[in-house]
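Below: the structure, in structure tokens.
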Amino acid sequence: MSDEQLKARIAQLEQSLQQSQSQEKILGDLLEKKLNEIYIHYHISRTIGSLLDLQDMLTKVAAIIKKCLPFERISVYILAENKKYLELAYSSGLNMKERVTVPLGNGTPGRIAEHGEHIHIHDLSIFYKTFKDFIHYPGEAIHDGSYIGIALKVHNTTIGVLGMDNSTRHSLSVDDMDFMTILSHQLAAGIEKSLLFSKIQHMSQHDDLTGLYNYRIFQERLFQEIKRRNRTHKPLSLLMLDIDNFKQFNDTYGHQAGDDVLKELSTIITHQSRSSAIDVCCRYGGEEFAVIMPELEIHNAVNVADRIRRAIENHPFSFNKQQVKGKVTVSFGVASLTDEDNLSLEELIKKADDALYRSKREGRNRVSFIPSGGE
């Protein structure tokens with residue numbers, strides 16, 4: 001073999017070695033990626049299996065995914081029960097404080113939910129020129145980058161939408177979308193489980209008809225507030241409210257009308273109290289309601305009761321689009337704990353009940369059903 005043939009052979013072997021090394025690196029990178037994906041699947045499965053709270057689960061799942069995919073912003077929408085709009089359940093990197101809803105078919109999340117199809121955008125500048133639409137939420141700033149949108153499905157039915165983007169074009173690839181497509185089935189199942197848990201928890205704590213807290217939660221929260229009052233020495237008041245002559249109302253208008261009155265009255269109670277902040281509004285039983293009012297002295301609690309009474313008396317109750325003739329009014333009783341008092345839960349309830357039935361008996365500050373032409 002001549003020198004030139006030897007050199008050619010050596011060059012050929014070097015080229016083959018370089019190709020082998022290159023292929024080895026490609027296979028090594030692919031193996032590392034697949035191992036990383038297996039790691040992500042495993043840890044997401046563990047996270048979904050161990051957490052029931054939706055926010056906690058989505059926060060931890062997003063952190064796990066970020067170890068594998070280079071997204072900068074992410075949003076997760078859940079389809080409402082009426083299937084008419086999406087509600088933002090989780091976001092990271094978007095700096096949104098207000099509640100965000102997107103009608104079905106609107107924006108990129110709305111179209112994904114409507115059609116149940118995934119979307120991959122490698123260059124957002126082209127997308128914005130073509131569609132002039134948003135990828136995460138209405139009114140967001142336009143920017144370059146890439147985007148992946150995934151329809152979250154359970155039993156082939158879309159229950160939500162996950163969207164993620166990066167400010168660099170082509171940074172999120174088709175392979176990344178394929179990975180998220182596979183992962184989406186796990187995530188959708190976890191979301192469904194969390195929503196079901198939340199629904200069951202809500203049903204166990206709230207009255208089906210009125211939406212107020214039920215008797216069990218009333219007992220638990222009152223016990224907690226009494227313990228807190230004993231610790232902080234701040235006042236605690238309890239309002240008991242009862243619709244007078246409610247049987248007569250049901251006999252006159254029917255039980256369906258009575259249910260409508262209970263629902264409307266519950267709304268008035270929540271609006272006229274501090275239910276969004278600190279008060280606890282409950283359906284005590286039948287036509288009787290209770291409001292736990294922490295840090296409120298007796299005279300202020302009486303003022304709240306009187307405000308509720310006037311609001312109920314002036315409210316035009318209706319059912320089946322027909323207005324109730326006459327008035328719906330209530331009796332109320334208020335009890336309070338001060339520094340000098342040392343009442344148990346049962347004693348405080350009895351004190352408020354005694355005040356309520358004394359009010360009904362004496363006809364003062366009462367709220368009852370008064371037929372047309374009656375007093």
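Put +1 on the Cβ of each Lys and Arg and -1 on the Cβ of each Asp and Glu in the range 35-184; which of LEU35, THR59, GLY163 then has its Cα farthest toward the positive end of the dipole?
Towards the positive end, the residue furthest out is THR59.
Give the whole-number value, in cubic angstrom per residue, of the convex hull volume spanned by the C-alpha atoms of the chain. Spell out each step's value before the answer.
Details: hull volume 76.8 nm³, N = 375.
Value for the chain: 205 Å³ per residue.
FRET efficiency for VAL154 and HIS43, Cβ-Cβ distance as r, R0 = 22 Å, nearest 0.05?
Using R0 = 22 Å, I get an efficiency of 0.55.
Which value in deg cm²/dmol, rounded to the nearest 500, describes the helix-derived mean residue ellipticity at 222 nm for the chain, given -39,500 (n - 2.57) per DSSP H run of n ≥ 4 and division by the residue count?
Mean residue ellipticity at 222 nm (helix-derived): -17000 deg cm²/dmol.
Please report the carbon-and-sulfur percent of the accessible area for the range 190-324; probe 1.4 Å, protein heavy atoms only, DNA, RNA and ligands left out.
49 percent
Along the Cα-to-Cβ line of ASN230, 7 Å from the Cα, sits a label point; which residues in the range 344-359 have backbone N less than 14 Å from it?
Taking a point 7 Å out along Cα→Cβ of ASN230, the residues of the range 344-359 whose backbone N falls under 14 Å are 344-348.
Are any of the pairs LYS84/LYS153; LYS60/LYS84; LYS247/LYS360; LYS247/LYS327; LYS227/LYS350 more than 20 Å apart by Cα-Cα distance, and if so, which? Let's see the in-between values first.
Details: LYS84/LYS153 16 Å; LYS60/LYS84 28 Å; LYS247/LYS360 15 Å; LYS247/LYS327 14 Å; LYS227/LYS350 18 Å.
Result: LYS60/LYS84 exceed 20 Å.
May I ask you to list the trypsin sites (Lys or Arg not before Pro) in the range 28-113 that are in a DSSP loop and have at most 14 other Cβ atoms within 10 Å of their Cβ?
LYS67, LYS83, LYS84, LYS97, ARG99
What is the dipole size for the chain, taken about its Cα centre, with +1 at each Lys and Arg Cβ and -1 at each Asp and Glu Cβ, in debye to the nearest 20? Please report the intermediate quantities before stating the final value.
Details: 45 positive and 50 negative charges, 115 e Å.
Roughly 560 debye, rounded to the nearest 20.
Which trypsin sites (Lys or Arg not before Pro) in the range 324-363 sit in a loop by DSSP (not H, G, I, E or B) and have at most 12 other Cβ atoms within 10 Å of their own Cβ?
LYS325
Angle check, please: helix 54-66 long axis (alpha carbons) against the longest principal axis of the chain (alpha carbons), in degrees 0 to 90, nearest 10.
That helix lies at roughly 10 degrees to the long axis.
For the pair LYS263 and ILE298, how long in nm is the line joining their label points, each one 7 Å along Cα→Cβ?
3.8 nm
Which whole-number percent of Cα pairs in the range 36-168 have a distance greater than 25 Å?
23 percent
Describe numerically, in nm with one decimal, the distance between label points set 7 Å from Cα along Cα→Cβ at ARG9 and at PHE223.
9.1 nm
Separation between the ASP56 and HIS271 pseudo-spin-labels, each 7 Å from Cα along Cα→Cβ, expressed in nm?
3.6 nm
Restricting attention to the range 60-130, which GluC sites (Glu not before Pro) occupy a DSSP loop and are surrounded by at most 12 other Cβ atoms within 10 Å?
Passing both the DSSP loop test and the Cβ count: GLU81, GLU98, GLU117.
Which FRET efficiency, nearest 0.05, do GLU346 and MET203 yield, Cβ-Cβ r, R0 35 Å?
0.85
The values are calculated or read from the model by the stated rules, or taken from the named source; none is laboratory data. Because the structure is predicted, anything quoted here is derived from the model rather than measured. A quick note on method: Cβ atoms are made from the backbone with ideal geometry, for glycine too, and the neighbour counts reach across all protein chains shown. Ligands, DNA and RNA are excluded from the accessible area calculation, which covers all protein heavy atoms including side chains. Shrake-Rupley method; radii C 1.70, N 1.55, O 1.52, S 1.80 Å.
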